[in-house]
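Take a look at the structure below.
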Amino acid sequence: MKRHESMNDEPSTDHKPWAASSWRHHELVQQPHYADESALKEVLGQVAAMPPLVTPWEARRLEGQLAEAAAGKRFLLQGGDCAEVFSECKADVIANRIKVLLQMSLVLIYGLRMPVVRVGRFAGQYAKPRSSDLETRETMTLPSYRGDIVNGAEFTKTAREPDPERLLRAYHHAAATLNHVRALGEGGFADLHHPEYWDLGFVHQDALRSEYQGVVNAILASIRFTEAVSSERMSEMERVSFFTSHEALLLPFEEALTRKDSHSDDVFNLGTHFPWVGMRTSNLDGAHVEFLRGLANPIAVKVGPGMETSELQALVRHLNPDSRPGRLTLIARLGQEHVNTHLPAMIQAVRSTGIPVLWSCDPMHGNTETLSNGTKTRRFDTMLSELEESLDIHHVEGSVLGGVHLELTGENVTECTGGARGLQDRDLERAYHSQVDPRLNSEQALEMAFALIRKFRSLQA
Ligand code: PEP
Ligand code: CO
């Protein structure tokens with residue numbers, strides 16, 4: 001369908017010309033203030049001259065897979081750190097994160113009986129929105145930490161000063177991360193025959209270990225059966241791919257990695273396959289939505305409880321005027337206490353636009369609590385409730401929940417409470433490493449995958 005033949009009667013703003021820089025004419029929030037504009041410009045020029053990190057055909061392939069997820073034929077597993085940090089751009093940290101995503105995806109493939117599209121919150125997840133521009137500790141007030149691409153987390157004047165050089169460092173760290181992810185995939189790490197895939201060294205909880213072992217045995221048995229029948233190795237399944245995603249927040253940087261595809265003239269953000277805008281930057285007329293609007297990538301928007309249904313409809317029309325399946329993912333992050341009151345009307349409102357979207361659930365960002373000692377945490381059961389209730393609601397509405405969006409790490413951290421090992425508030429100080437939001441550790445992440453398939457199966461029964 002061509003743009004002017006769109007089924008929508010409402011006026012659409014998509015006829016306005018778009019360029020990778022047209023966001024500059026819109027209201028721009030959540031940005032650092034750089035003292036030296038010319039240094040910023042110089043570094044942006046250097047980033048713009050670097051090769052892209054991903055390719056247009058990869059982004060198109062992802063869009064095709066997201067379209068399948070929207071139709072209930074595939075499931076999107078999107079996960080990774082809340083904020084990547086430069087100091088954790090290390091082989092073992094990257095491999096452990098890949099490992100937990102692989103193992104979760106295996107549980108999902110087995111339990112949902114459908115393929116999974118794996119998308120990491122990595123290789124570029126360096127910029128963070130903050131509730132305040134400034135942070136005060138005792139008598140000192142400094143700029144808030146906005147992620148390693150902007151400034152340092154340490155509470156000193158030097159560290160907190162936004163530094164343009166960090167843009168180039170972010171590019172190089174993203175490239176190194178992605179290179180390692182790709183090398184692991186090519187090198188057989190993600191081959192179903194490879195023992196790394198099955199290793200559960202991090203799981204200390206017996207019930208979880210044996211549940212996982214059951215899935216592994218079932219899958220290995222079917223691989224052996226298929227290979228015996230066909231007398232070939234399952235080469236198609238041997239290579240498991242990962243796509244990358246991050247919040248497209250620091251727009252000058254995002255623009256510098258946005259390039260025209262010479263074959264199609266389409267314009268892609270080639271800094272990532274799948275950019276999203278966060279809840280704080282999803283304003284219809286704002287710069288971030290304007291930037292996403294003209295990209296040829298598949299894109300996502302985080303949807304919070306403050307979004308009116310009319311606003312959501314306008315966003316959907318604005319961002320997917322051609323009704324491209326797989327183009328637009330809505331990541332609902334409503335919070336367990338709001339999901340029942342908000343999600344049904346949102347699903348109905350989006351459906352009435354006639355525009356296809358992929359619904360995903362982020363059960364983390366609406367459920368963050370701050371303890372009396374100031375520690376931010378999230379409770380496993382609250383998150384699971386939001387996820388389960390979302391599945392119920394989509395089921396009742398005849399809609400599809402086609403994905404989940406999680407903050408997780410392959411490291412053995414103690415940032416979220418609950419889960420099979422019953423982490424308590426007092427355990428949090430043991431291994432709390434996140435500078436921003438609390439993440440599921442690898443055990444909790446795997447448990448979440450099992451809980452999801454249990455719920456999914458109960459709805460199928
Ligand atoms: C995030 O994903 O880390 C984030 C800040 O999310 P949201 O925009 O949903 O608050
Ligand atoms: Co977060």
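The values are calculated or read from the model by the stated rules, or taken from the named source; none is laboratory data. Since the structure is predicted, the reported quantities are computational estimates derived from the model, not experimental observations. Here Cβ is always computed from backbone atoms with ideal geometry, including for glycine, and neighbour counts include all displayed protein chains. Heads up: the accessible areas ignore ligands, DNA and RNA and are worked out on the full protein's heavy atoms, side chains in. Shrake-Rupley method; radii C 1.70, N 1.55, O 1.52, S 1.80 Å.
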For region 125-161: of the residues being loosely packed, with under 13 Cβ neighbours inside 10 Å and β-branched (Val, Ile, Thr), which is farthest from ligand 2 (Cβ to nearest atom)? 139
Just a yes or no: is a residue in region 26-40 free of Cβ contacts under 8 Å to residues at least 12 places away in the same chain, surrounded by fewer than 21 Cβ atoms within 10 Å (Cβ to Cβ) and in a helix (DSSP H, G or I)? yes
Scan region 404-417 and tell me whether some residue there is more than 14 Å from ligand 2 (Cβ to nearest atom), assigned to a loop (DSSP other than H, G, I, E, B), of a type in the set (Gly, Ala, Ser) and in contact (Cβ under 8 Å) with a residue 60 or more places away in the chain. yes
Does region 329-336 include one or more residues that are within 16 Å of ligand 1 (Cβ to nearest atom) and more than 18 Å from the chain's Cα centre (by Cα)? yes
Which pairs turn up if I take residues in region 240-268 that are among the polar types (S, T, N, Q) and look for partners that are assigned to a loop (DSSP other than H, G, I, E, B) and at pLDDT 95 or above with beta carbon separation below 6 Å, at least 6 apart in sequence or on another chain? 244/123; 244/272; 244/273; 245/272; 258/20
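Yes/no matrix, rows are residues, columns are (1) under 18 Å from residue 71 (Cα atoms); (2) open to solvent by 10 Å² or more (accessible area, probe 1.4 Å); (3) within 16 Å of ligand 2 (Cβ to nearest atom); (4) not in a loop (DSSP other than H, G, I, E, B):
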position: 306; (1), (2), (3), (4): no, yes, no, no
position: 310; (1), (2), (3), (4): no, yes, no, yes
position: 317; (1), (2), (3), (4): no, yes, no, yes
position: 323; (1), (2), (3), (4): yes, yes, no, no
position: 335; (1), (2), (3), (4): no, no, yes, no
position: 351; (1), (2), (3), (4): yes, yes, no, yes
position: 367; (1), (2), (3), (4): no, yes, yes, no
position: 374; (1), (2), (3), (4): no, yes, no, no
Pairs, first closer than 13 Å to residue 443 by Cα in region 199-215, second open to solvent by 60 Å² or more (accessible area, probe 1.4 Å) and in a helix (DSSP H, G or I), C-beta under 6 Å, six or more apart: 200/209; 203/209
Going through region 242-273 one residue at a time, which ones are within 16 Å of ligand 2 (Cβ to nearest atom) and touching a Phe, Trp or Tyr at 6+ places or on another chain (Cβ under 7 Å)? 245, 247, 248
Can you name every residue in region 264-281 that is under 17 Å from residue 329 (Cα atoms), assigned to a loop (DSSP other than H, G, I, E, B) and polar (S, T, N, Q)? 272
State all residues of region 384-434 that are within 15 Å of ligand 1 (Cβ to nearest atom), more than 18 Å from the chain's Cα centre (by Cα) and open to solvent by 10 Å² or more (accessible area, probe 1.4 Å); if no residue qualifies, say none. none
Residue within region 275-298 that is open to solvent by 10 Å² or more (accessible area, probe 1.4 Å) and more than 22 Å from residue 30 (Cα to Cα) present: yes
Kindly indicate whether any position in region 311-318 is in contact (Cβ under 8 Å) with a residue 60 or more places away in the chain and within 16 Å of ligand 1 (Cβ to nearest atom). no
Hey, any hits in region 70-77 for a residue that's buried (at least 23 other Cβ atoms within 10 Å of the Cβ), away from ligand 2 (no atom under 16 Å from the Cβ) and of a type in the set (Phe, Trp, Tyr)? yes
So if I check each of 145, 126, which one is among the hydroxyl-bearing types (Ser, Thr, Tyr) and either under 18 Å from the mean Cα position of the chain (by Cα) or on the phi > 0 side of the Ramachandran plot (or both)? 126
Failed criterion for residue 105 (all others in (1) more than 16 Å from ligand 1 (Cβ to nearest atom); (2) open to solvent by 10 Å² or more (accessible area, probe 1.4 Å) hold): (2)
Only one of 354, 374 is away from ligand 1 (no atom under 16 Å from the Cβ), of a type in the set (Gly, Ala, Ser), out of contact with any helix residue (DSSP H, G or I) (no Cβ under 8 Å at 6 or more places or on another chain) and at pLDDT below 95, namely 374
Answer from 371, 330, 292, 343 - the residue that is in contact (Cβ under 8 Å) with a residue 40 or more places away in the chain and within 26 Å of residue 409 (Cβ to Cβ): 371
